[in-house]
Amino acid sequence: MTQTIIRNPSFKHFGTAIALICLVVLLLPDPLSNAATPERNAQPGALAAALEELSTKPQFRALAAEAMLVRSIYGRSNSTLLWSTRGRLSGQARELVKILRATDELGLEPSAYSADLLAATATQLGSQSSEEDYAKFDKSLTQAAVRLLSHLHYGRVDPAAAGFELTESRHDLDIASAVAALASSANVPDAVAAAEPHFFHYSLLKTALRQYRSLAVDPALTQLPPLGKRTLHLGDAYDAAPALRKLLTAEGDLPVAGNDAVDLSPTLDAVLVSGLKHFQDRHGLIADGTLGATTFAALRTPITQRVRQIELTLERWRWLPAFQTPPIIVNIPEFKLFAFDTTADRVASMLQMSVIVGQTNPSKRTPVFLGDLKYLIFRPYWNVPRSITMHEMLPAIRAHSDYLERNHLEIVRGESDGAEVLKTTPTTIAALAAGQLRLRQRPGDDNALGLIKFLFPNAHNVYLHSTPGHGLFLASRRAFSHGCIRVSDPAALAAYVLRNADTRWDSARIEAAMHDSKSLRVDLREPIHVMILYGTAMAMEDGRMEFFDDIYGHDRKLEQLLSLRAVHSAAVSR
C-alpha cells in the first residue's frame, strides 16, 4: 500500500481546504494498483456518458484510481450494464443495496457508499426510466461495490498514515474480478464477505459490534450518578447499586435474573462484587471487586465509545495479511503475547503470556511493526542504548565511583560481545559521553534483559526479552519499558521458539542454558513471523468482550484520519 503521504513534502502544511482534501485522499489505501488496464475505446451511449462523470482529476488520486478500475470492469463486460437487464434491476443489485445500507454493522459508514441515494434510486427505477437513468445507477452501484470490497479487504486508511509499519504487500484481491463476480453471484452476502479478513476473532468482533450497537440505544445505561471520592467495598451501601446491576447484566458480567426479578438492594453484595470483578478483568483493571475512581470511569464510559473501539479495531484487522506460518503476536494495549501453534487464530492453539511494553512517552513507546524472529540468546549482554547511557547512566556514573561495578556494567570498545573491556577512568568516561565507546551490562540474574533475549532484527532495535523485575507483572497497566517487550514466561517462549530446532530443547536444557556461565546464541532453522500490533477491543471465544485503554493515543489518531476521510467524501459529493 502506498506511503506517499509520509514522503511527500507538499503536504506538510494545510493552508487551504483543497490541500486538506488532497491529503485525505492520499490517506486512502491503494489496493487499486492491481486493476486491469482500462479499455481505451470510448464507451458507447448512456453508459459512456455516466462513466465520464467519474473523477479523473490527478489531485484526487484515490478517486482517479477508483474511476480507472470502474472503467476496466465495464471494459471486461463489453460495455454492458452489470446490474440490470431489459429495464429491470437484478436481484444482485437489490441485495447489494441492502448490504450497503447495513454497512454500519461491519464498522463502516453507509454514507461512504451513497447507500441511501442508491436505495432511493432503486425504488424509482422502472419501465418508464430512461437508458441514461439505468446507466447512471449501474455506474454508481459498481463504484460503491469497488469501494466496499476495497474497504473490507484493505481498510479505509493506509496504516502508514496511522504510524503503523505493516509493510507486507497486500495486492492479493483482484477487485475488478470480484465486483464482476458479485454482479452475477447466486449469494451476494457470501460474495461480499469473501473480501473480508478470514480471521476467526475478526468475525467474533463483528458479532460483538451488533451487540454493543443494541446496547448503545440506551445511553442512560452508563449514566451512573457521581461516586465522589469514595472507594466502595463488599457490604458498603450504594444507592446506585440497582443501576449498576442493570449495566453489568446488560454487558454480561452478571447473569440475567430469573422470573424478571429486579434486585433493588442498595448494597454492594457478594453477587454484585462478583460482577464487578468480571467487568474489571474484561477491561484490563485489577479485579479486586472494589468500586473506585478507575473502575467507575470505565463503567461510565459511553457504550457509543465502546462501539467506536470495536470499529477501529475492525479497521486494523483489515490491514493484516493472512498468516502464512504460525506467528507470534503482541497486542500492545492488552499487554499480552500470543504464540500460535497453527495459522488459525484459536485460543486452544496459542501460548499466551503477559508482557511489559514501552512507556507512554512518545520517545519510549513500542512501535507497531512486523518482523522475523531469527535467533535467541541465553545469558545475553545488555548493550545499553545511547539515550539511556546519556540521560540515565552517565549522571550516576559521575556521581558514584562504584556505580558501574555495583550494577555489573562495563565500558567497551567495539560492537561484538567480544569487545575490549576498558578500565573506568575520566578519559574513558569522557569517550563514553562523546559516543566513542559504549556501555553494556554483563550477563547475570540482575541483567536488564534477564536470561533470554529473542531477536527479530529491525530498525527500532526492539526485541523480546525476560527481566529480573518480575514484580512489575503484577500491575494491570504494564507500560514500563523503553520500547522493548519484556515477557513473563521466557522459558515457555523459548520452548515454543525452539520446538522445531535441529536438536531437542526440553525444559531441562533450556533451564541449564539460562543459568550457564556463558552466553549462547541459537539460530532458528526457520524464522518466526512477529507482529507487534495495537487493538483496544478484543472479542473472546467464550463470548465476552474485552476493552483496553488507548495508552498511546492510536485510537484517537485513527479516529481523526477517518474523520478527514468523511470531510473528503462530503466535499467530493458536493
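Read the figures in this text as sums done on the coordinates, not as results from a lab. Computed from a predicted model, the values in this text were never measured in an experiment. FYI the Cβ positions are ideal-geometry reconstructions off the backbone, even for glycines, and counts take in every protein chain you see.
For segment 144-214, take N as its residue count and report Rg(C-alpha) divided by 2.2 N^0.38 Å.
Numbers: Rg = 13.9 Å, N = 71, 2.2 N^0.38 = 11.1 Å.
Here the answer is 1.25, to two decimals.
Could you put R245, R213, R486, R406 in order, starting from the residue whose Cβ has the fewest other Cβ atoms within 10 Å? Don't skip to the answer; put the middle values down first.
Working: R245 21, R213 18, R486 24, R406 10.
Ascending Cβ contact count within 10 Å gives the list R406, R213, R245, R486.
Rounded to two decimals, what ratio of Rg to Rh does segment 217-301 give with C-alpha atoms and a Kirkwood Rh? Could the numbers behind the result be given before it?
On the way: Rg = 11.8 Å, Rh = 12.8 Å.
Across segment 217-301, the Cα-based Rg/Rh ratio is 0.92.
Roughly speaking, what is the centre-to-centre gap between segment 266-290 and segment 132-199 when only Cα atoms are used, to the nearest Å?
43 Å
Please list 3J(HN,Hα) in residue order for segment 396-412, calculated via the Karplus relation 6.51 cos²θ - 1.76 cosθ + 1.60 where θ = phi - 60°; whole Hz, with x for glycine and proline.
Here the 3J(HN,Hα) series is 6, 4, 6, 7, 10, 5, 9, 4, 4, 5, 4, 9, 6, 9, 8, 8, 10 Hz.
Taking Cα pairs under 8 Å and at least six residues apart, what relative contact order does the chain come out at, in percent?
Result for the chain is 16 percent.
Over the Cα atoms of segment 389-441, each weighted equally, I'd like the Debye log10 I(q)/I(0) at q = 0.29 Å⁻¹, rounded to two decimals.
-1.35
Decide, for segment 61-220, between rounded, prolate and oblate: order the square roots of the alpha carbon gyration tensor eigenvalues as a ≥ b ≥ c, take rounded if a/c falls under 1.5, and otherwise choose prolate if a/b is larger than b/c, else oblate.
Working: a/c = 2.00, a/b = 1.33, b/c = 1.50.
Oblate.
Can you give me the orientation-averaged projected area of the convex hull built on the Cα atoms of the chain, in nm²?
34.3 nm²
Quick one: putting +1 on the C-beta of Lys and Arg, -1 on the C-beta of Asp and Glu, what dipole do you get for the chain around its Cα centre, in Debye to the nearest 20?
Details: 60 positive and 60 negative charges, 244 e Å.
My answer is approximately 1180 debye.
Percent antiparallel among DSSP beta bridges with both residues in the chain, to the nearest 5? Write down the numbers at each step before the final one.
Numbers: 42 of 51 bridges.
If I count the DSSP bridges inside the chain, around 80 percent turn out antiparallel.
Taking the Cα centroid of segment 451-489 and of segment 504-558, what is the distance between the two, rounded to the nearest whole Å?
Here the two parts' Cα centres lie 9 Å apart.
List the pairs from K206/K374; K423/K518; K98/K136; K246/K277; K136/K557 whose alpha-carbon separation is above 25 Å, in the order I gave them. Don't skip to the end; give the middle numbers.
Values: K206/K374 35 Å; K423/K518 22 Å; K98/K136 19 Å; K246/K277 15 Å; K136/K557 36 Å.
Pairs exceeding 25 Å: K206/K374; K136/K557.
Take the alpha carbon gyration tensor of segment 181-261, find the square roots of its eigenvalues, order them as a ≥ b ≥ c, and report rounded if a/c is under 1.5; if not, report prolate when a/b exceeds b/c, else oblate.
Verdict is prolate for segment 181-261.
Tell me, H391, H151 in order of fewest to most beta-carbon neighbours within 10 Å?
Taking fewest neighbouring Cβ atoms as first place, the list is H391, H151.
Order these peptides, 116-126, 475-485, by their mean beta-carbon neighbour count within 10 angstrom, highest first.
Values: 116-126: 14.5, 475-485: 18.2.
Most protected by this proxy first, the peptides run 475-485, 116-126.
Two decimals is fine: what's Rg over Rh for segment 356-493, C-alpha atoms, Kirkwood radius as Rh? Can you show the working numbers first?
Values: Rg = 15.4 Å, Rh = 15.9 Å.
That ratio is 0.96, to two decimals.
Could you please rank H283, H465, placing first whichever residue has the fewest other Cβ atoms within 10 Å of its Cβ? Please report the intermediate quantities before stating the final value.
Numbers: H283 21, H465 25.
Ascending Cβ contact count within 10 Å gives the list H283, H465.
From the phi of every residue in segment 280-291, what ³J(HN,Hα) in whole Hz does the Karplus formula 6.51 cos²θ - 1.76 cosθ + 1.60 yield, where θ is phi - 60° and glycine or proline is x?
4, 4, 5, 10, x, 9, 5, 7, 9, x, 8, 9
Under a Cβ-Cβ cut-off of 15 Å, what is the net charge of the residues other than P362 that fall near it, where Lys and Arg count +1 and Asp and Glu count -1? Could you put the intermediate results ahead of the total?
Numbers: positive: K364, R365, R556, K557; negative: D550.
Combined, the nearby Lys, Arg, Asp and Glu give +3.
Once the piece of chain linking N458 and H198 is laid out straight, how much longer is it, given 0.36 nm per residue of separation minus the C-alpha distance between them?
Working: separation 260, 0.36 × 260 = 93.60 nm, distance 2.80 nm.
Length difference between fully extended and current span is 90.8 nm.
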